[in-house]
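Just below is one structure, and these are the notes that go with it.
Just so it is clear, none of the values below were taken in a lab; they were calculated from the coordinates. If you're wondering where the values come from, they're calculated on a predicted model, not measured in any experiment. A quick note on method: Cβ atoms are made from the backbone with ideal geometry, for glycine too, and the neighbour counts reach across all protein chains shown.
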Amino acid sequence: MQRTIAFTLALAIGALCAQPVLSQDTPDPTKIGFLNMRRVFENYWKRENIEKALRARTDALEESIAREKQRLADLGDELATLNEDSDEYRLRRREIEITRYQIKLDQEDEMRRIQSQAKRKEALLYKDVVRECQAFGESQGYAAILLTSPLGPDFEKTAELDIVVATRAVLWQDERLDVTDKVLEFLNAGKPR
């Protein structure tokens with residue numbers, strides 16, 4: 001009987017001594033952080049690079065539109081000098097209409113490509129942020145980092161309530177648990193100088 005008690009006591013003492021060593025591999029189950037993804041997207045340096053690239057494509061499209069409008073205006077001026085009953089007038093008018101239609105299709109196609117690229121780059125950025133949040137959380141001993149999206153000051157004027165209710169899982173959190181600034185610091189530490 002004494003041997004059993006001594007053995008049980010030795011096991012209990014061993015378990016208590018081993019717990020701090022074993023618990024180093026598992027995160028603290030009470031350490032949870034909240035991340036405002038909107039703020040992360042607005043302040044992550046990679047987002048700025050993506051926006052610059054997309055802005056460059058959009059600016060190039062706008063320049064192309066301006067050139068094409070000028071070309072149409074020049075064709076219109078040329079058309080105005082022709083006799084309306086002539087074959088040349090009809091050919092020029094047809095050419096202008098075909099050109100106008102082609103320009104419109106080309107512009108719409110380029111806008112779709114720019115929007116598609118923007119969506120793809122945002123998805124890649126989101127994936128990058130999630131991966132970096134995992135690295136940050138693991139390095140800091142967090143059990144979880146949850147996405148939060150605070151209500152804006154003009155929420156009642158601009159929000160679609162059904163969408164907000166369906167997508168906003170965290171209704172409140174203690175602001176001391178917000179890790180957005182820490183995660184942004186972690187993310188932006190990799191910004192090239």
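Okay, residues lined up against (1) surrounded by fewer than 14 Cβ atoms within 10 Å (Cβ to Cβ); (2) part of a helix (DSSP H, G or I):
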residue: THR30; (1), (2): yes, no
residue: ARG39; (1), (2): no, yes
residue: LYS46; (1), (2): no, yes
residue: LYS52; (1), (2): yes, yes
residue: ALA60; (1), (2): yes, yes
residue: GLU63; (1), (2): yes, yes
residue: ARG67; (1), (2): yes, yes
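Here GLU78 meets each of (1) loosely packed, with under 10 Cβ neighbours inside 10 Å; (2) among the acidic types (Asp, Glu); (3) in a helix (DSSP H, G or I) with one exception, condition (1). The set of residues in segment 87-96 being surrounded by 10 or more Cβ atoms within 10 Å (Cβ to Cβ) and either of a type in the set (D, E, K, R) or in contact with a Gly (Cβ under 6 Å, 6 or more places away or on another chain) (or both) consists of GLU88, ARG90, ARG92, ARG93, ARG94, GLU95. Annotation note: Cβ proximity below 6 Å between a residue of segment 152-169 that is closer than 15 Å to ARG38 by Cα and a residue that is assigned to a helix (DSSP H, G or I) (sequence gap 6+ or interchain) occurs for no pair.
The residue that is farthest from LEU35 (Cα to Cα), among those in segment 129-145 that are surrounded by fewer than 14 Cβ atoms within 10 Å (Cβ to Cβ) and touching a Phe, Trp or Tyr at 6+ places or on another chain (Cβ under 9 Å), is SER139. Residues in segment 148-168 that are assigned to a loop (DSSP other than H, G, I, E, B) and surrounded by 10 or more Cβ atoms within 10 Å (Cβ to Cβ): SER149, PRO150, LEU151, GLY152, ALA159, ARG168. Over 30 Å from ASP77 (Cβ atoms), surrounded by 11 or more Cβ atoms within 10 Å (Cβ to Cβ) and basic (Lys, Arg), is that true of LYS182? Yes: the conditions hold for LYS182.
Filtered by the rule that a residue be touching a Leu at 6+ places or on another chain (Cβ under 7 Å) and outside any loop (DSSP other than H, G, I, E, B), segment 169-178 gives no residues.
Given the residues ASP128, ASP106, ASP181, which is the only one that is assigned to a helix (DSSP H, G or I), more than 18 Å from the chain's Cα centre (by Cα) and not hydroxyl-bearing (Ser, Thr, Tyr)? That would be ASP106, the only listed residue that is assigned to a helix (DSSP H, G or I), more than 18 Å from the chain's Cα centre (by Cα) and not hydroxyl-bearing (Ser, Thr, Tyr).
Among the residues of segment 82-138, the one identified as among the β-branched types (Val, Ile, Thr), within 28 Å of LEU61 (Cα to Cα) and without any contact (Cβ under 8 Å) to a residue 12 or more places away in the chain is ILE98.
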